[in-house]
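Asker: Please see the structure below; I have some questions.
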Amino acid sequence: MTETAHLDTFARDNLPPQAALPEFIFEGPQLQLPPRLNVAAELLDRWLEQGQGERIALIGERDGQPFSWTYSELHARACRIARVLVERMGLVTGNRVLLRGANTPMYAACWLGVMKAGGIAVGSMPLLRERELKAIIDKAQITHALCDARIADALHAVRAECPQLRAPLLFNGDEAAGSLEAEMAAQPAHFQSVDTAADDTALIAFTSGTTGVPKGTMHFHRDVIAACRCWPVHVLRATAADRFFGSPPLAFTFGLGGLLMFPLSVGASVVLVERTSPEALLPTIERHRVSVCFTAPTSYRMIALALPQMSPQPDLSSLRKCVSAGEALPAATRLLWKQATGIEIIDGIGSTELFHIFISADEAHSRPGATGVPVPGYRACILDDEGRALPPGQVGRLAVKGPTGCKYLADERQAVYVHQGWNLTGDAYLVDADGYYVYQARTDDMIITGGYNIAGPEIESVLLQHPAVAECGVVGIPDEARGQIAKAFVVLKPGFKGDDALVKTLQDFCKQTIAAYKYPRAVEFRDTLPRTETGKLQRFRLRQGG
Ligand code: 3UK
């Protein structure tokens, strides 16, 4: 390890012990990184030094009116925020700064300001309530907070119980005295980015874990830069002329990479607006001539189903790349999107622990039903329960290593994610004869029925091909005779009636397409399915019947 630039050594003190870390590999000239590195210097300051400051960096909307900031303007704001943090809020390097807000240019400026000042950014999902917020503040020992004024309630409510947390500054509000913007106006617009070590922690991202205490994943400055040089360079291949947009929150590493780090790394522009529901995506793509879109599979499906009925048809001629991650992309959804827009989706599996996508395929190499192949820079294999590599065609645990990897903040569960140098993502996969990785299910979501293993998503991908099905989720529920049976929760398209006859039709449809033992023995119709803020189906809630 190089000498830390952090005066506050909390992050370094709470890294997993050396023996519990995954193996890191840095293959190829792109991944030979210098010992001192600052994300903001690399992704922001560099463009000004190269005379590119007048390019558009961020586009936002306020009261329905679009506005944009150039790289110079974004830089000036990040510098002022860094100054406010250091001079007005007493930040020392290595302090943790909570960031709260939906996707807006100010949130992005705050994130970059924290990097410049050598702080550690801790994003938090906007919808978190008091209890969840307090768990994060306690776990990461957060000292500072910058919060969107419109969602400050939960933070205010927990402040009294968080002794180390200083008074937060609020942004995107009325900009009155005491707001972050008012404080910024009183500071000069230059701030030399702190000369952080490549292995100083830049951010702590909390997993959207469904049970227990949330896990904080630590990422160094070098992790972010390494991620920018793997998937974006080899698979996405965007250019400075691209305009990015999508739904994942910047508090989620899928969004932080896809909608901030990756576009800045190529000098492109990003649209950061708050409304990112499926209905809101198309108008924004049209209005801002978006060329690269990031969202979850369910969002692509809902848009593709709605598109043919729209009149007039939206102008999507600017769109050229569509990225899907967060959960498996069913073949039926890939096909629907292609039919609706002509675009082949770029699927990729990533995780909070590895920062971003590590298995993927570009639009020319995609295969329906498969995620793709390891992204250059990463290696992957399939292991059995004893940690032995499995041959092609056999289902086992997905294991990955590369320049990034799991580093939980003071957490015993490090030993669950990392085994013998490999990151175990918790996914059951197989590799086909051509080396493509095919998702099966989360390892703890495999359904075991009458001695057979069934992956819920396989049944889902069949049901999604039926004309009556809008959305569905298949989970195992307890059954006296078989241990478990597969139960399908189905949302129907408008005009279809969920009756016994349709249950039978759907079951027969499954039996015709996949092995008969896999058909869902129970089918229930629902108006909606439970999903997380990032579009993931909450299977545990379906299993609980809720
Ligand atoms: C699942 C996928 C099949 C898989 C993420 C891109 O989702 C992200 O991070 P999380 O920590 O969840 C990780 C888990 O989600 N998953 C994600 N993408 C796919 N399963 N196909 C996919 N394409 O179970 C994985 O282990 O919330 C995704 C970039 C950054 C991210 N943090």
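Asker: Among Gly498, Ala197, Gly377, which residue has its Cα positioned farthest towards the positive end of the charge dipole of the chain, with +1 placed on the Cβ of Lys and Arg, -1 on the Cβ of Asp and Glu, and the dipole taken about the Cα centre?
Answerer: Looking along the dipole axis, the top candidate is Gly498.
Asker: Using a 10 Å cut-off around each Cβ, can you sort Glu61, Glu353 from fewest to most neighbouring Cβ atoms?
Answerer: With the sparsest Cβ surroundings first, the list reads Glu61, Glu353.
Asker: In nanometres, what is the gap between the two model label sites at Asp385 and Gln465, each 7 Å from Cα along Cα-to-Cβ?
Answerer: Distance between label points: 3.2 nm.
Asker: What is the order of Lys511, Lys504, fewest Cβ neighbours within 10 Å to most?
Answerer: Lys504, Lys511
Asker: A further question follows. Rounding to the nearest 20 debye, state how big the charge dipole of the chain is about its Cα centre with +1 on each Lys and Arg Cβ and -1 on each Asp and Glu Cβ.
Answerer: My answer is approximately 460 debye.
Asker: Pick out, from Leu15, Thr104, Val84, the residue whose Cα sits farthest towards the positive end of the charge dipole of the stretch 1-114, with +1 on the Cβ of Lys and Arg and -1 on the Cβ of Asp and Glu.
Answerer: Val84
Asker: Given the options Gln187, Ala121, Gln141, identify the residue whose Cα lies farthest towards the positive end of the charge dipole of the stretch 10-218 (+1 on Cβ of Lys, Arg; -1 on Cβ of Asp, Glu).
Answerer: Gln141
Asker: How big is the antiparallel share of DSSP beta bridges in the stretch 257-442, given as a percent to the nearest 5?
Answerer: 80
Asker: Enter the angle in degrees (range 0 to 90, nearest 10) between the Cα long axis of helix 331-341 and the first principal axis of the Cα atoms of the chain, meaning the one along which they spread out most.
Answerer: With both axes taken from Cα atoms, the answer is about 70 degrees.
Asker: Please give the contour-minus-distance gain from Gln50 to Ala160: 0.36 nm per residue of separation, less the Cα-Cα distance, rounded to one decimal in nm.
Answerer: 35.0 nm
Asker: Would you order Thr70, Thr253 from fewest to most other beta-carbon atoms within 10 Å of each residue's own beta-carbon?
Answerer: With the fewest neighbours first, Thr70, Thr253 line up as Thr70, Thr253.
Asker: Another question, if that's okay. Need one number: % antiparallel among DSSP beta bridges in the stretch 10-218, to the nearest 5.
Answerer: Bridges in the stretch 10-218 are about 45 percent antiparallel.
Asker: Here's another thing I want to ask about it. Roughly what angle does helix 297-306 make with the longest principal axis of the chain, taking Cα atoms, 0 to 90 degrees, to the nearest 10?
Answerer: It works out to around 70 degrees.
Asker: Next up: With an 8 Å cut-off on Cα pairs and a minimum separation of 6 or more residues, tell me the relative contact order of the stretch 257-442 in percent.
Answerer: About 14 percent, as a whole number.
Asker: Something else: Quick one: go through the stretch 415-446 and flag any residue whose amide nitrogen is under 13 Å from the point 7 Å out along the Cα-to-Cβ line of His365.
Answerer: 434-437
Asker: Any idea what the dipole of the stretch 12-133 comes to, in debye rounded to 20, about its Cα centre with Lys/Arg Cβ at +1 and Asp/Glu Cβ at -1?
Answerer: 400
Asker: When averaged across all projection directions, what area in nm² does the alpha-carbon convex hull of the chain cover?
Answerer: If you wrap the Cα atoms of the chain in a convex hull and average its projections, you get 25.1 nm².
Asker: Taking every DSSP beta bridge that has both residues in the chain, what percent is antiparallel when rounded to the nearest 5?
Answerer: DSSP beta bridges in the chain are roughly 60 percent antiparallel.
Asker: Could you tell me whether the stretch 450-543 comes out rounded, prolate or oblate from its Cα gyration tensor? Rule is a ≥ b ≥ c as square roots of the eigenvalues, rounded for a/c under 1.5, then prolate if a/b exceeds b/c, otherwise oblate.
Answerer: oblate
Asker: Multiplying the sequence separation of Thr239 and Gln32 by 0.36 nm and subtracting their Cα-Cα distance, what value in nm do you get?
Answerer: Using 0.36 nm per residue and subtracting the Cα-Cα distance, I get 72.3 nm.
Asker: Restricting to DSSP H runs of at least four residues, report the calculated mean residue ellipticity at 222 nm for the chain, -39500 (n - 2.57) per run over all residues, nearest 500 deg cm²/dmol.
Answerer: Mean residue ellipticity, 222 nm, calculated: -6500 deg cm²/dmol.
Asker: If you add up the charges near Arg12, with Lys and Arg at +1 and Asp and Glu at -1, over every other residue whose beta carbon is less than 10 angstrom from its beta carbon, what do you get?
Answerer: -4
Asker: What FRET efficiency do you get for Val92 and Leu335 if R0 is 60 Å and r is their Cβ-Cβ distance, rounded to the nearest 0.05?
Answerer: 0.65
Asker: Here's something else I'd like to know. What percent does the relative contact order of the chain come to when contacts are Cα pairs within less than 8 Å and at least six residues apart?
Answerer: RCO, the chain: 13 percent.
Asker: Within the set Lys116/Lys215; Lys321/Lys493; Lys134/Lys407; Lys338/Lys401, which residue pairs have Cα atoms separated by over 30 Å?
Answerer: The pairs that break the limit, which is 30 Å between Cα atoms, are Lys338/Lys401.
Values quoted throughout were computed directly from the atomic coordinates according to the rules given, and no laboratory measurement underlies them. The structure presented is a predicted model; accordingly, all values stated were derived computationally and were not measured. Neighbour counts run over all protein chains shown; Cβ positions are idealised from the backbone, glycine included.
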